[in-house]
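The next block holds one structure in the form of structure tokens; read it before the comments.
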Amino acid sequence: MKIDRLMGILSILLQEEKTTAPELAKRFEVSRRTINRDIEALCKAGIPIRTAQGTGGGISIMDGYRIDRTILTSKDMRMILAGLRSLDSVSGSRYYGQLMEKLQTGSSQFISGRDSILIDLSSWYKGSLAPKIEVIQNAIENRNILNFDYFAPSGESGRSIEPYYIVFKWSSWYVWGWCTSRKAFRLFKLNRMDKMVASDKTFECRKVPMPDLSNEKLFPGGIRAKALFTPDMKWRLVEEFGPDCFTETEDGRLLFTADYTGEENLITWILTFGEKAEVLEPPEVRGAIKRIAEETIKNYTED
């Protein structure tokens, strides 16, 4: 839509010192003639845009220009504030809170209606999470190598990375960076990181690929699981896999079928149900759970 493109062009001009019509045309996948018409429309709307021809020329916006907040609707402002409030829930500083105060100053009538979205990204770990995020943000901004101890299923190890992105996905926080020991980009879970410090050593920014956060990449499946659950576990199956992941059997139990991410993960998940779940397939998982149950019984058997 034209209005979306105009807003996009204005956003670029406010963030970048200068751009060109060919660059904008490529970014928005339109012709240069369309971009020229868009620039003319922005000028008619009162946006002080200037253009210069020849070497070193381009399109820019006058220094000191500030966008009038009335370009945003009341709903737009509420959504912006909701996003800032969610970031403030894991912030180790007052930055986002102060930014919200700036936006809200003198806007009591402009921002109409009640907040309808409340997001807390900190979960149970705000006490330990917020300081980590602040350290990582500073390290990214200052291009400092980040050192920490990392706890993984394979064991504990000391790691050093070039941090590039903080990621929130699958209800957890991660940092995406270049691991100096593995010589590759890796995703590290913040709750598994300890003794995190930003070193004095700096790094040159690499060409950074965006992390592939698709479920297919991180959780490739490969195991066809089949299990029976007692009826009172329906809420968990619906919550975690949706209402189409099971069928009700004649005796009232729930026959669950789904592709699962791996044998170890499947075993761990099934064990959280205790006696309320019975694995039918694959047989090796059924056998593994039986052995775990037998070993667990030994821990609680009187001498």
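The set of residues from segment 17-63 being of a type in the set (D, E, K, R) and in contact (Cβ under 8 Å) with a residue 12 or more places away in the chain comprises Glu17, Lys18, Arg27, Asp38, Arg50. For segment 141-169, the set of residues classified as farther than 15 Å from Leu187 by Cα and under 19 Å from the mean Cα position of the chain (by Cα) consists of Glu141 only. Selection of strands (runs of 3 or more DSSP E) fully inside segment 113-188 by the criterion of at least 2 residues being over 26 Å from Ser86 (Cα atoms) and among the hydrophobic types (A, V, I, L, M, F, W, C) returns 144-152, 172-179.
Within segment 229-255, residues that are under 14 Å from Ala277 (Cα atoms) and touching a residue at least 24 places away in the same chain (Cβ under 8 Å) reach partners that are among the β-branched types (Val, Ile, Thr) and not in a loop (DSSP other than H, G, I, E, B) with beta carbons closer than 7 Å, at six or more positions or on different chains, in the pairs Leu255/Thr247. Any residue at all in segment 128-136 that's surrounded by fewer than 17 Cβ atoms within 10 Å (Cβ to Cβ) and modelled with pLDDT under 85? Taking every residue of segment 128-136 in turn, at least one turns out to be surrounded by fewer than 17 Cβ atoms within 10 Å (Cβ to Cβ) and modelled with pLDDT under 85.
Evaluate the following for Lys183: is it loosely packed, with under 15 Cβ neighbours inside 10 Å, on the phi > 0 side of the Ramachandran plot and modelled with pLDDT of 95 or more? Judged against the criteria, Lys183 is a match.
Kindly indicate whether Val167 is in contact with a strand residue (DSSP E or B) (Cβ under 9 Å, 6 or more places away or on another chain), surrounded by 15 or more Cβ atoms within 10 Å (Cβ to Cβ) and either within 22 Å of Asn265 (Cβ to Cβ) or at pLDDT 95 or above (or both). Against the criterion (in contact with a strand residue (DSSP E or B) (Cβ under 9 Å, 6 or more places away or on another chain), surrounded by 15 or more Cβ atoms within 10 Å (Cβ to Cβ) and either within 22 Å of Asn265 (Cβ to Cβ) or at pLDDT 95 or above (or both)), Val167 qualifies. Inside segment 28-48, residues that are of a type in the set (A, V, I, L, M), at pLDDT 85 or above and more than 14 Å from Gly8 (Cβ to Cβ) make up a count of 0. Of all the residues in segment 118-147, those that are free of Cβ contacts under 8 Å to residues at least 40 places away in the same chain and touching a strand residue (DSSP E or B) at 6+ places or on another chain (Cβ under 8 Å) number 2. In segment 45-65, what residues are surrounded by fewer than 11 Cβ atoms within 10 Å (Cβ to Cβ) and at positive phi? Listed by number, the residues that qualify are Gly46, Gly54, Gly56, Gly64. Ser199 meets each of the listed conditions (1) among the small types (Gly, Ala, Ser); (2) within 24 Å of the chain's Cα centre (by Cα); (3) at pLDDT 95 or above apart from (2). Taking segment 234-261 as the range and being under 23 Å from the mean Cα position of the chain (by Cα) and either within 17 Å of Arg286 (Cβ to Cβ) or among the aliphatic types (A, V, I, L, M) (or both) as the test, only Tyr260 passes. Scanning segment 258-284 for residues that are of a type in the set (A, V, I, L, M, F, W, C) and in contact (Cβ under 8 Å) with a residue 24 or more places away in the chain yields Ala258, Leu266, Ile267, Ile270, Phe273, Ala277, Val279, Leu280.
Those helices (runs of 4 or more DSSP H) of segment 189-303 in which at least 2 residues are surrounded by 13 or more Cβ atoms within 10 Å (Cβ to Cβ) and not polar (S, T, N, Q), considering only elements entirely within it, cover 234-241, 263-271, 283-299.
The values are calculated or read from the model by the stated rules, or taken from the named source; none is laboratory data. Just so you know, these numbers come straight off a predicted model, no measurement behind them. Positions of Cβ are generated from backbone atoms using ideal geometry, with glycine treated the same way; all protein chains shown enter the neighbour counts.
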